[in-house]
Every structure is written in C-alpha cells, then in structure tokens.
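One structure is given here, and the rest of the page talks about it.
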Amino acid sequence: MKSPLSLRRGGLALALTAALLTGGSTSCTKDLDREPFYDLNTESVYRDPANYIRVLAKMYAGFNLAGNSGSPDVFAGQGKDEGETSYLRAYWYLQELTTDEAVVAWNSPPLQELNTTHWTSSNDLINNSYTRIFYEVALCNEFIRETSDDKLSARNITGASAEQARLYRAEARFLRALAYYHALDLYGNVPFATEADEPSKNLPKQITRAALFAYLESELKAIESQMNPARQGPYGRADQGAAWTLLAKLYLNAGVYTGTDRYTDCLTYCTKILGAGYKLAPEYQLLFMADNNVTSASEIIFPITSDGLVSQSYGGTTYLVHAAVGGRMLTSAFGVNSGWAGNRTRKNLPLLFPDPASGFDSRAMFFTVDQNLEINDLTAFTDGYGVTKWTNKTSTGANGNDPQQIFVDTDFPMFRLGDVYLMYAEAVLRGGQGGSQTQALDYVNALRDRAFGNTGGVTDGNITAAELAAPDFILDERGRELYWEGMRRTDLIRFGKFTGANYLWPWKGGAKNGQGVSTNLNLFPLPSTDIVANPSLVQNPGY
Amino acid sequence: MQVRLQFPHPTRFLTRVLLLSATSAFSVGTALAGPTGSGHGTPPSPALRLATWRVTPVAGGSVGGRVVDSKGQGIPGVTVVIEGTTLGASTNATGDYFIDNVTPGPHVLVYSSVGLISSRITVTVLDGQPTQVAVTTLSDNITLLSEAVVVGYGTTRRQDVTGSVTTVTTKDFVKGQVTSPEQLVQGKVAGVQITTGGGAPGEASVIRVRGGSSLNASNDPLIVIDGVPVDNQGINGAGNPLSLVNPQDIESFTVLKDASATAIYGSRASNGVILITTKKGVDGEKMRVNFSSQVSRATNYGKVDVLDGNAYRTLVNNAIAQGIIPGSNAAFLGSANTDWQDAIYQTAWTTDNSISLTGSAKHVPYRVSFGTLDQDGTLKTGNLKRNSASIGLSPRLLDDHLRIDVNVKGTQADYRFADQGAIGGAARFNPTQPIYSGNDQFNGYFEWLTGAIPNDLTDRNPVARLNDKRDRSTVLRSIGNVQLDYKLHFLPDLHANLNLGYDVSRSNGTVFVPGTSSLAFSTQGQNNSYRQEKNNKLLETYLSYGKQLGDHHLDALAGYSYQDFYTYAPFRFAYKADGSRVAPLDPVQDPFKTQYTLLSYYGRVNYNYKDRYLFTGTLRADGSSHFSPDNRWGYFPAASVAWRVKQESFLLNSTTVSDLKLRVSYGSTGQQDITNVAGDYPYLAKYSIGSPAVSQIFGKDTIRTYKPAAYDRNLRWEQTNTYDVGLDFGFFDNRLTGAIDVYLRKTSDLLAVIPIPALSNLSNTLLTNIGSLENRGVELALNYNVLQGEKLTWSVNANATMNRGKITKLSQVEDPTYQGTPTANIGNFQFVQVNAVGHAPNTFFLYQQKYGEDGKPLQGPTASLNTTQYVDQNGDGIINERDKVYGKNPAPKAILGFSSNLSYGKASLAFTVRSNIGGYVYNNVAAGQNNYYGLNTTLGYSANVVPDIYATGFKTGQPYSDINLEDGSFVRLQNVTVGYDFGSLLKAGTTLRLTLAGQNLLLLSGYSGLDPERATGIDSNFYPLPRTVTLGLNLGF
C-alpha cells in the first residue's frame, strides 16, 4: 500500500541519492591533490633568497650532525645508532681505528673488524662513511643545481642576493669537493654525479680514482677565486684558505691517487696558505678544547663547528670526547656527563714520545692510571692507554655550553696550520720545488717549540736538519702532532706502512702482536649494499 | 545467543510465576536459554524432543504448528515462546513445534530466530485441547547475522558466499575480562593470528590475517565497524585504538580472507578485512534491559628468573676470586635482598559494568548501552578507566522501503600508563641494593650515581620509574554513521544506499616527573603535554539490484566511496617540572597536521544458476592522495566461482552429506597504508626545517637548517594477488561442519625501504616499489556438535592454520652475495633477524654456537668474534657476517585453536585452547643477562644476571649466538568459563546468569623465558600477560 506521500518522499530520497552518486564524485576528485600543510618544497624554498643560507647551513652541518633530532639524514639500518652515521664520526672510525693510533672497546663486529684490519664489503661502518659522503655530495648537488645563474634569474633573484647566492654556491662546490676528496682517499673508484643528475633511483656511473682527482683539481681551482679571501669570511665558513689546503692535500697524496707525484704543486698551495697570515695557537691543547673556536681561530683553517646547545649529535666531537673517557678517568675532568669507554690507543703512539708520561712534550696526552700499555683484550677499555686530547673543558676550566654535559662545544679542526707546516716539510723532503729545507726545519721546530712550551729562546725538543731528514721522521712527527685528528690512515698509506708487514701494530691483521695484511686494504671496499643497488659499479680489487 | 523471554505486564506474570514455579515448565524455558536455542541447522532429534514434550502434563492445553521460510521449507531451530511465560519450544528439522501445558486463554506466540524477522501470532488455547496454529512464514532479516553473512557493502546468504569468509558471533566470543574487541575472537578463526602486545590495560594486539603481505607497509587488516572503515593509525595517548570500542556492544566479527571477499575494499584489503557489527534492536521487541557486571582479579604468574641478593653476592665474589672480573666490582654489592619484580607488580582488579536497553519503540528498533570499565594493570600504577556509550536506531519507513540505520558510539578513556621500562629494569637491577636509599635525595629512591648525578648509563630504580612518573591521557573517540537504504517504490529490486560516517578522536596527555626525581634529573623534572585531533569522514553510496529470473539469480552493486583522514597535533614545548621551559630560546615549531583522501568506485556482480553454480566478480578503483597524479589510481579486480555440489542430484538426497560447496577465487588487492613509513605525501619533493638543536654556526650566527628529503615521484600501490581454493562442508545434518582453504598470496611492487645507489637521491634509502613476497597456506575449520540432547549439549570447534611466508625479491638487482636487510634491533643497534630473498620475512640470522664436550657453550680467548665460539661456516678462518646462518623464523608453522562448549541444563562449561607450533623466539632477556658483562661494566654500577650464567660462563654478551634462539611452540589454555543460568529467579521473564571465567590459566611451553608468544619473535622484557579470574553476572529483564 503505497501512499502518494510516501512515494513522494521516496522520490526525494532517490533524487538525493542520485545526486550524491553523480555530483558528489566529481567534486571530490580534486581532494586527491593533498599537499603538506607546513612542509616546504623545493620551489617554496628557493623562491626566497633568505632561505639560501639555511640550505647552505645544512651542507656544512652535514659534516657533523647525524640528522634532524630523530630523523637521520641517512640510515645506518633500521634502528641503528644514528650517531654512528655522523660524517665526522664515520670518517674518524675509518681513518683512526684501522691504524696504530686507536682501538675501540665496543664489541660490535664491524667495529672490531676495523680494530683488526679485517673487514668485508658488508661492514656497516664502511658503509656509513660511504653513505654519508655521497649524501653530502647529493645535498650539494641539489643546492648547486638550484642556484645556477639560469635558475636565479628565472626566480628573479638579482643584485646582492644573486651575488650572495653565487658565493654560497662556490662554498657548496668546495664542500662537495671535500666530500669527494674523502671518497677518493677511502674508496678510490666511486660513483659520480653532479648537479646535472636529478634525484631518482637511477644508477650513477663510476669514475676512476685518477679521473676524480682531475675533476677535484679543476673544480677547486675554478672556485678558488669565487670564495671569500683566506681568513676574511665568518669563522666556520670555507674560504680560499680551505680550498688551498684541500688542493695541497690532494697534491701531497697525488702519487697514491694517480701514480704521479705532485709535490711541487703541493708546495705551491702550502705557500699560499702560509702567506695568508695564519698563526699557531699559543698552546697545543687549546686546539682541542671547548673554546677552540676562540683560542685557536688563528690556526684553524677550516673547522667542523660544534656547540652543545645548537648543534647536537652523538657523532662529531661529542663522540670523540665521550668515547675516550672510561676506566678511572673522571668524566668531570672532560666536561661531560658520561664516558663511553671506547677509544684508547695502541702502544705505538705513546712510544713515539720519548717518555709518554714525562710531560716534556705536551702533545703526549695519555691516561695511564690502571690502563695497560699492551692490549690483551681489544674490548677491555683498560687495555691500551687512554687519550685525553679531546675535551669539553674550556681554556678557563669551565664546561661547554650544554648544561646536561652531553653535547660538546669543541670544534674539529679539519684543516689547521700545524698540518700545513708538516705538509710543507714533507713536500720539501720528498723533492717538491719552491720551498726550502731551512724553512721546513723552522716550521717543524715551531711546532716542537709549542709542544715543549719553549719561550725566550729555549729550544727544548728542537730537531736538526739531519733528524728531520731521517726516514719516517715526518710520519712519526705527524703522529705526535696530529694523532686522533682523522689523518693517520692516509699518512700511513702515503708512507707505505698501512698494509704489508713492514710496519706492525698490536692486533693489525687480527694477531695480537700484529701481522701483515694485504695491500688491497689500502682502499676500502665499496659497500656491498651499493654494489647491489648499483650493478654498474666495479668492486675494488680483493673484495 | 540468549533467548529473551518477554513479560510485558508485571502483575500478570507475578501470578504466572506462582502458577508455574512448581512446574517443570521452567526446565523447558531454561533449556532454551542454553546453546540449543541458537542451533540453527542443528535441530535436536525429534525423538529427544518428544521425550521432553511428554513430561507429566499439568492442566492446560497445547499449541503446535510449523514455521517455514519464504520458499515454504520448514525452518529448524526457530524459538517459539508464549509471550509472558517461560513456555516455549524450538522447531525441529521439519520446522514443527509443539508446546505443552499452556494455560487456557488468549496468548501471543513469538517466533524468533537469528537471521530472520521475528513474528507474533495471537492464538487462543482451550483447556485440554491441542491448538493447531497456521503455518507461519518467517522471512530473512538481513540486518541480523548468522545465516545472513555480512560481506563488504551488504549481506548475503551463507550459501551464496563464494569467498573465504568466517563469522564469529556473540555466543562464540571469548568470555572473561575482554577489554579490547579483537580479544573476543582470539583463537577462534582459522587464518587469523591475534597476538596480545602485553598485559597492560588496553594494550594493542597484533592482528595478522594469513601472515603479513607487506614488509614495510602496514600488515594490519582493514577494520570496518558498522560500515565505517576505521583509521588504523594509532591514536596518541591510547594504548590500543580498538580498545575504545566496548566489546560488550559487539554482535559479530566477520573476517574476509581471500581476495574474492576483500577486493571490494581494494587498496586496503591486502591484509584481510574484519567487519565488526554491533548489536541492534529488533522490530516488535519489547524493551529489554540487560545488565552485566564483572569483577576480575589479575595476577602475574611467574617472573623472570634472576639471581636473588645472596646468590648475586656469591656470584660476584666468586667471579672476583676466579679473576673473571676485577675486585673493584665488589664495591657495587649492597647488603639488601630486593626482589625488584615483586616491588613493581601487584594483584590487579578490574570492574567492568555495562547496561543495555534493547527494544522497539513504535517500530523504531533501538539499542542503547552504557559501559564502564576500571582496569588496573599488574604493573603498579597502570590503570584504564573507560566509559563507553552507544546508541543504535534502525527505523523502517515508507512501508519498509526506507531502512535507516543510525549508529553512534562514544568512548572516554582515561589512561595512566605505567612506565614499562620498569619491567626490564626490575630484571636487571642489582638485587643487593635497597629500594630506598635512606636519604631524601631522588625522592628517597636508591640510584646509581656518577658523582652527584644519576648514572645515565644504567637503569633508573624501577620503583621510582613507576611512582615518579605520571603519564596520563584522556582520549575521546566517537565512531558513527547514518545509513539509508531505499528500496525503490517503482522498482523494488533496486536499492539505493547512502552511508555517512565519521570516526573522530581527541586525545590529551601529560607526562609529569617531579624535579626531585632521578628520572628526568638533567631537565629538572618534566611537565610535558600533548594533544591530538583526528577527524575522519566517510561518504559512501551505492545502488544494488537483485533479480530472480527462473533459475537465474543476479545481484549487482555499484558504488562510490569518499574517505578522508585528518590528523592534527599542536606543537608543544618541553617543560621542566616547575613549568619553565627546558629550552627557553627555542622558537615555536609548526604543528603536526596531515590529511589524506581515498576515493573509490566499486562494483560487484553475483550470479547464480539454480542455487548451484555461483559466480562473483568485483572491481574496485581506488584513488589515493598518497600518490602522484600519474600513479594515483589503482584497479583491483577479483572473481570467484562456487559450486554447491550438494545441490547436484547425486548428493541432494544424501543423508550423510548435508552441505558441500567448492569455491575457487582469484583476485588482486592493494596496500596504500604507508603513512607509518613515509608520511602522507611520500611522492613530493620536500624540505624540512632542522630543529634548533641541529643548527649550524657561522661566525657569531646560528642558522637553522633546511634539508631536502629523498623522494620517489613514481611511488605506487603494492599489489597482492591471491589464489584460493576452498571447500565448505557439512555432514550428518550439519552436525559436523567446516571449511578447508588453500591459498597462495603473492605481493609484488612491495613497498620497501631499500638501499638505493649512493648519490642517486637525497638519502641512502628510499621507499619505493621493489620486491615480492609470497604467503601460502592451508586453513581448516571444523565445528562438531558432539551431543545435542535436550539438556546436555556439547559442541567443539577446531581450527588450524599453516602459513609459510617467503621473500622472493628484495632489490632492483639480484645479488646472491647480498645477505639481506637486517631487522629486529634488540638494542644497541644489534640486529638478529634479516629480510632476505628465499627466506621468510624476519628470519633469524645468527652465528652457530659451538659447545664443548661438557655441553657448555664455548667462548673465545677475547670478546672478539672467534672461531672457538662460533662455527666458521665458510671456513675462511674468521667469523664475520658471512658466517651467520639463516635460521628459524618467528612465524609459527601451525596455529591451532580449539574451543569447547558444554552445557547441561542450566550449567555450562566452555574453554578455548590456543597453540602455536614451530615458531622461534629470541630470548633477549637471557641474551642480555647470561653473562658477566653486567657485573663488570666499568661504568659505575653492576646489574643482575639470569641463572643461565652458570651454564654459559660468558664474559660478555653474545647477542649473535643462536644459543639465544628457542622454540616458541606453546599450548595456552586461553580461557575457561563456567556458567550457570538461574533463569527467572526473582520474577518470570528475568534472566540471571553467573559466570566464572579464567583466562590464561595454563601455558605449556619448552621456552625458558616467561612467555614465548611474541609477534616479533623477540622476547625483550615485555609486560607479562596476567592470569585473570573473572566473576560475571548477567541480568536481563
């Protein structure tokens, strides 16, 4: 029994339904174009030139920080320690734990592989460093791509803003070169991409070590004139001094990288640096303290800056300070809340000093109480002397800025004058043209004067020209001056002592007293993850 | 299903009580209230029935008749009750019924059966005479369940189902303290594995339908409550978003398993679909009040076996004497004997009350309910208070042409979360140290110190963790919808359906730690808060058409769906206990705000020929805002056929085989739920602003950083193709029924975060479509009515599932040397599982431990990996990743469930047993504490160990040793319920039922830890599942 009324009502419902069926659908399709409410995207970032320095800041921070407070830039693996992906920490692992200078107690297989010079292409830490380096390159590529002259004018960025963008772009190219330099040094033949390659999952092509060397040389020379003059830019930013130092390092190791020595070029760039007005910090230890950005700014050519409040990470110098504290060492003496009881030194380093505990050479900063010189157990922190070089104390004895004393203020001097002095001396001794033995001796003794606290003409610890020329003196002096600064592996390779059996250190090759290892270990393997992801890559020999 | 006996006039039934109380009539009524009343398709044998009918007659007449369906066939199992009395009967196999001892006079007969529309007929009974009632026809009621099976967008007759669908209704639900709905069906459904996350009140469960089809995207099934697909993202401040639905309101769970059944849900169906239907009122029913009250007592049974104070002192001193650890460690020994586990656990009580009013007011059936739960956790300080209300109205208008269903559910939950860090802390904390230090520092609790500050390299005092931290939240959630179903007047075969729904939640939480506490010492306490809003909207509309033409029956459905998910959470600063900010200089950050939309078109055609050959085809097109316009739309087809073999002439008259149906299906479904891995906008090039703590210093300026994110513009759907062959069967008049299914599911374009070539993008990993995975399995479900007498009935239900998962592809390029993606971080970035091609997801990946002749595990001279301790699988003389072995995996080889329901008269006994066989579990408690490392940390504390240390003697932890891997097989007595029906104890028409339920009463397992049932296969000090005893009272009138 259908009443007319109910029929009419039914018709209404039908009409409503029909309307929803047809009309509703079309009007809602556009709702699929959801966009983030707050997130920025490429276009919105580069539209405003005020943002450029923030992207630049990220490229600099990329050498130190692991990511954005819980969202790591790169993944060490699900749930793995983000701090270990810090560029500086990952780089330091490979440059130091593999050498006669350092061991780590933490019983994780990949770390112990580094301790024992016995790694495979699936070592996570080798992967971390590699990943970090190429992440940095990708970051720089993105910025360099978005700040080309074409893009600047397309976005109507002109005048002073455009000039500034060009300066930033030159710095980005420097940072990219620095990252590629590390890739060249650690891995040799690596994937290569520039700003011309957009983000994708495509396979970057491999470049040979020699070709990469040539690229870096030309790139650094090209940007040299576009950067701030040496020591003229704000502290922490790369300037011409930084570019020169990187070139000097490339040339010093050119024989390793390309088979052709370039010591004369090395001297050329050392000389440029030495003429730029840098001065040694008054005391050696100041270089490694929480206020080194103030006390040692005259010596530091290019730092990785750090601050306990505004640039926090469990990598970088926070790692270097904490990881070295353990055993009977007082955390309070280092301005940190805890020691991670990881890093010590093998006996080779303290034995480079006549008497490690004498205090004559102020660079011999070892903690020996209840620490054994010999290492019986790699994972026992008390085996091996502690190293007290890195600290979160300021020159006045205060702690760094972080009231929790977790994150440190200490900057990492990636390039510093002391290193350039020794590079100069080495290049001269190796036959580079354009320098002098006398000058070389002066530079080395300048470092030793500081080390021995000489004033008023005292010459404690000074060496003679003959001593300087002795085989391995430079290598040993570099050990004394630059230990734990991330240079040792490169130096040992240049001196032919990293692999083979002509120089041993405890646990080299996995044997307690050390044993020879294959020369193929002079290059790290390309990580297996990347070999899988990028089948166009050819693995380094022996892996 | 409880039969509701109706007494409209109190005065009248008082008289009747007096009249009837002495008679045997009660036994008829109460027997009906038992499980037999629901036995559709399983009628008691006429002989048995007769025996009861012919009980000593008292004065009065009798009534008899027959109930038939729309086709004129007798319906067995229909309850026929004389209104206002407890007299009644069930129809037998031919649909006949007979009621004796009826007082003379006019009566109303009420016919009811699950799945059918109730009916009422007035008769007049004459003294001493049988009254024959005209044949009564009951028609299908599609709003009720059972014979009508809920499927996606509608219902269908059980016999017409062509896919793999399992329904569990109230009568089979798990009894006892059930806080969250999914626990109602734990162990009840073949192919569904429900693993409780822990013993905390309102804790979430992991639900897996036929294993997981994804590695990185969600593996949770889609849950649809009364037609509203609910958000499966978590709700901040709610342990388990599902627990915001009161289980007492739920009528049925329907699990759609194969693609034929699920494909209508397209891009969200790859992991199965669970349709939850809540209880509803029935037209013509008088108001009925049901009150249920439960009180339960939960206790932990067993605790992690660790050393007591004296044993610990002895161990430390011996270890020092033997030179295993330095003498300085004796300094960490105290004189106390503290059982830290006793200190953190308690006996927990729960009260759970609910009341519902069901009935029909002027042909508007309604159900209104209110529930209140107050549950304490066995971990001290944990508590959940939940108030829930629901309203359901289902009016039928316009001569039944317009059916309206309104459902509104609302919940308020107040949580106090106990800090579960205390659990592992209690197992590790030094048993020789006291709970209280004796001084006022840190609120009096003992703590390990570094100088004057708490040593942050070790556990905080577990008791302090519980008492000093006040972690509270209040969560409001409401789910509701209005569904209009209009049967066209001029074309009644055509229905137009409109469903408007919502799922909204609001949560507010605070975490407070006083400044004097050791827990947040460095920040001088903590006083943080959070808030979250979720607004999810649904609009669905479809047209359905059904037509019978001779032997051909056709149903067709076409619809459109729009669903929108919106989440907002304001930014909140971190505060110290005194209300000042931890970092006062930090600028305000953007709130969290995200939204995504799903838009779909779907259609389904069902065709059957002679009720014998059935075909179902579905297609869904889904558009998701998760993907770029180029990849936005996905198409998900499915088809299935079924052959009702029973209808064939050679079986039609078989008395042995009462039902036999063969089903074959194939279909494709998708997975777009990647929010947890990639957020809501994974295909866009995004920049993010670095937090103030990760800035860069340039000279004197501190610059916030902008960072570009890696992205894959071409991200698209995961696709799962499912093949399923099933057989539904019934024997001996359906006394034995069951189903067996064999399936193969292949997921391709697996959304996986994979390592990408270095330099190719702005990270080293990228979420992209790569890889494949397959699951294959067999499911078996059996129901057997062992006894079906008038008083004594016994039915059992058994189900078994065997599923095997295997990864078949995981990278862009095949590389046999690639060992896989590590998973299962057990802490300190140590991974013990791997996703590798050719192996099950999350396969354990460990070194093979060597043992000495004395059976003790060997260890090397140093802590470094060495061939003394581990088997050098590749024989290269060193132990490294290449020597790890792909071992067992956490997924059980077989999942078994067994339920039994026994009733005798008014008493009933039911139990459920669950068992997993063949899965492995990593004992991370032992792995962490079976060695001397905790005694010799050089970090200013010493920690407790497990007795395993006597056997292993390990100097340091051996997390990668397969010694930590154990068989996780178990048999769990999930649930035992004893019930007694008092029937109309106070007055006729009331029901009173008392139940005593025990949950988790018995666990049989060879596992050395507490409980091997872990969804991840890692046992890391999880919240023990308590043993619960519940006393319940159910009162209806």
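The values are calculated or read from the model by the stated rules, or taken from the named source; none is laboratory data. These figures come from a predicted structure and were not determined experimentally. Quick reminder, even Gly has a Cβ in these numbers, built from the backbone with ideal geometry, and neighbours come from all protein chains shown. All accessible areas refer to the heavy atoms of the entire protein, side chains included, with ligands and DNA or RNA removed. Shrake-Rupley method; radii C 1.70, N 1.55, O 1.52, S 1.80 Å.
Within the set B:Lys809, B:Lys856, the sole residue that is away from chain A (no Cβ under 14 Å), of a type in the set (D, E, K, R) and open to solvent by 20 Å² or more (accessible area, probe 1.4 Å) turns out to be B:Lys856.
Summed over segment B:569-605, residues that are facing another protein chain (nearest Cβ under 9 Å) and either open to solvent by 70 Å² or more (accessible area, probe 1.4 Å) or not in a loop (DSSP other than H, G, I, E, B) (or both) total 11. Evaluation of B:Ser328 against the conditions (1) under 17 Å from B:Asn430 (Cβ atoms); (2) open to solvent by less than 40 Å² (accessible area, probe 1.4 Å) shows that the sole unmet condition is (2). Every residue in segment A:188-209 that is more than 10 Å from every other protein chain (Cβ to nearest Cβ) and closer than 22 Å to A:Pro527 by Cβ, please. Result: A:Gly188, A:Asn189, A:Gln206, A:Ile207, A:Thr208, A:Arg209.
Applying the criterion of at least 2 residues that are open to solvent by 30 Å² or more (accessible area, probe 1.4 Å), of a type outside the set (Gly, Ala, Ser) and at the interface with chain B (Cβ under 8 Å from one of its Cβ atoms) to the helices (runs of 4 or more DSSP H) found wholly in segment A:32-130 leaves A:52-61.
Within segment B:389-414, the set of residues being under 25 Å from B:Arg1027 (Cα atoms) and crowded, with 22+ Cβ neighbours inside 10 Å comprises just one member, B:Ala413. Consider segment B:984-1031 and keep the residues that are assigned to a loop (DSSP other than H, G, I, E, B) and acidic (Asp, Glu). The one that is nearest to the chain's Cα centre (by Cα) is B:Glu1013. Going through (1) small (Gly, Ala, Ser); (2) farther than 30 Å from B:Arg716 by Cα; (3) in contact (Cβ under 8 Å) with a residue 24 or more places away in the chain one by one, B:Ser649 falls short only on (3). Within segment A:189-206, does at least one residue satisfy the condition of being more than 21 Å from A:Cys266 (Cβ to Cβ), of a type in the set (Gly, Ala, Ser) and touching a Phe, Trp or Tyr at 6+ places or on another chain (Cβ under 7 Å)? No, segment A:189-206 has no match at all.
Within segment A:367-386, is there a residue that is within 14 Å of chain B (Cβ to nearest Cβ), open to solvent by 10 Å² or more (accessible area, probe 1.4 Å) and either in contact with a helix residue (DSSP H, G or I) (Cβ under 8 Å, 6 or more places away or on another chain) or free of Cβ contacts under 8 Å to residues at least 12 places away in the same chain (or both)? Checked against the condition, which is being within 14 Å of chain B (Cβ to nearest Cβ), open to solvent by 10 Å² or more (accessible area, probe 1.4 Å) and either in contact with a helix residue (DSSP H, G or I) (Cβ under 8 Å, 6 or more places away or on another chain) or free of Cβ contacts under 8 Å to residues at least 12 places away in the same chain (or both), segment A:367-386 yields at least one hit. Counting the residues of segment B:812-843 that are surrounded by fewer than 19 Cβ atoms within 10 Å (Cβ to Cβ) and hydroxyl-bearing (Ser, Thr, Tyr) gives 1. Scanning segment B:415-452 for residues that are within 14 Å of chain A (Cβ to nearest Cβ), of a type in the set (A, V, I, L, M, F, W, C) and either buried (at least 17 other Cβ atoms within 10 Å of the Cβ) or without any contact (Cβ under 8 Å) to a residue 24 or more places away in the chain (or both) yields B:Trp448, B:Ala452.
Rundown of residues vs (1) under 30 Å from B:Gln595 (Cβ atoms); (2) small (Gly, Ala, Ser), yes/no style:
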| site | (1), (2) |
| --- | --- |
| B:Ser522 | no, yes |
| B:Asn528 | yes, no |
| B:Asn535 | yes, no |
| B:Leu543 | yes, no |
| B:Lys547 | no, no |
| B:Gly550 | no, yes |
| B:His553 | no, no |
| B:Leu557 | yes, no |
| B:Tyr562 | yes, no |
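Among residues belonging to segment B:612-630 that are open to solvent by 30 Å² or more (accessible area, probe 1.4 Å) and not in a strand (DSSP E or B), point out the one that is farthest from B:Trp717 (Cα to Cα).
The initial filter retains those residues of segment B:612-630 that are open to solvent by 30 Å² or more (accessible area, probe 1.4 Å), namely B:612-613, B:615, B:619, B:629-630.
Among the residues that remain, those that are also not in a strand (DSSP E or B) are: B:612, B:629-630.
Numbers: B:Arg612: 36, B:Pro629: 13, B:Asp630: 12 Å.
Going through the qualifying residues, I end up with B:Arg612.
The condition of being in contact with a Ser or Thr (Cβ under 7 Å, 6 or more places away or on another chain), polar (S, T, N, Q) and within 11 Å of another protein chain (Cβ to nearest Cβ) holds for only one of B:Asn761, B:Asn797, B:Asn769, that being B:Asn761. Against the numbered list (1) under 24 Å from A:Met59 (Cβ atoms); (2) within 14 Å of another protein chain (Cβ to nearest Cβ); (3) open to solvent by less than 10 Å² (accessible area, probe 1.4 Å), A:Ala290 comes up short only at (1).
Return yes when A:Thr331 is within 12 Å of another protein chain (Cβ to nearest Cβ), farther than 23 Å from A:Leu111 by Cα and open to solvent by 20 Å² or more (accessible area, probe 1.4 Å) and no when it is not. Talk me through it step by step, then tell me what you get.
Details: within 12 Å of another protein chain (Cβ to nearest Cβ): yes; farther than 23 Å from A:Leu111 by Cα: yes; open to solvent by 20 Å² or more (accessible area, probe 1.4 Å): yes.
Yes: the conditions hold for A:Thr331.
If I filter segment A:397-417 for residues that are open to solvent by less than 20 Å² (accessible area, probe 1.4 Å), of a type outside the set (Asp, Glu), part of a helix (DSSP H, G or I) and modelled with pLDDT of 95 or more, do I get at least one hit? Within segment A:397-417, one or more residues are open to solvent by less than 20 Å² (accessible area, probe 1.4 Å), of a type outside the set (Asp, Glu), part of a helix (DSSP H, G or I) and modelled with pLDDT of 95 or more. Listed by first and then second residue, the pairs with beta-carbon distance under 6 Å, at least 6 apart or on different chains, first residue in segment B:675-700 and farther than 27 Å from A:Asn228 by Cα, second hydrophobic (A, V, I, L, M, F, W, C) and open to solvent by 30 Å² or more (accessible area, probe 1.4 Å), are B:Lys686/B:Ala709; B:Tyr687/A:Leu40. Evaluated against (1) more than 22 Å from B:Val168 (Cβ to Cβ); (2) surrounded by fewer than 23 Cβ atoms within 10 Å (Cβ to Cβ), B:Ala217 falls short on exactly one condition, (2). Is there a residue in segment B:356-374 that is surrounded by fewer than 16 Cβ atoms within 10 Å (Cβ to Cβ) and either within 14 Å of chain A (Cβ to nearest Cβ) or not in a strand (DSSP E or B) (or both)? Yes; the residues of segment B:356-374 include at least one that is surrounded by fewer than 16 Cβ atoms within 10 Å (Cβ to Cβ) and either within 14 Å of chain A (Cβ to nearest Cβ) or not in a strand (DSSP E or B) (or both).
Mind telling me which of the residues B:Ser478, B:Ser507, B:Ser473 ends up being part of a strand (DSSP E or B), farther than 30 Å from B:Glu540 by Cβ and touching a residue at least 24 places away in the same chain (Cβ under 8 Å)?
Values: B:Ser478 fails: farther than 30 Å from B:Glu540 by Cβ; B:Ser507 fails: farther than 30 Å from B:Glu540 by Cβ.
The match here is B:Ser473.
Screening the candidates B:Ala348, B:Ala321 for the property of being surrounded by 16 or more Cβ atoms within 10 Å (Cβ to Cβ), farther than 23 Å from B:Lys286 by Cβ and of a type in the set (A, V, I, L, M) yields one hit, B:Ala348. For segment B:646-699, a residue qualifies if it is open to solvent by less than 30 Å² (accessible area, probe 1.4 Å), hydroxyl-bearing (Ser, Thr, Tyr), under 30 Å from B:Asp564 (Cα atoms) and away from chain A (no Cβ under 14 Å), and the qualifying residues are B:Ser668, B:Thr669. Taking first residues from segment B:606-635 that are within 11 Å of chain A (Cβ to nearest Cβ) and partners that are surrounded by fewer than 17 Cβ atoms within 10 Å (Cβ to Cβ) and in a loop (DSSP other than H, G, I, E, B), the Cβ contacts under 8 Å between residues at least 6 apart in sequence or on separate chains come to B:Ser625/A:Asp33; B:Ser628/B:Arg713; B:Ser628/B:Asn714; B:Pro629/A:Asp33.
Only a single item in (1) open to solvent by 50 Å² or more (accessible area, probe 1.4 Å); (2) in contact with a helix residue (DSSP H, G or I) (Cβ under 7 Å, 6 or more places away or on another chain) is not met by B:Gly550, and it is number (2).
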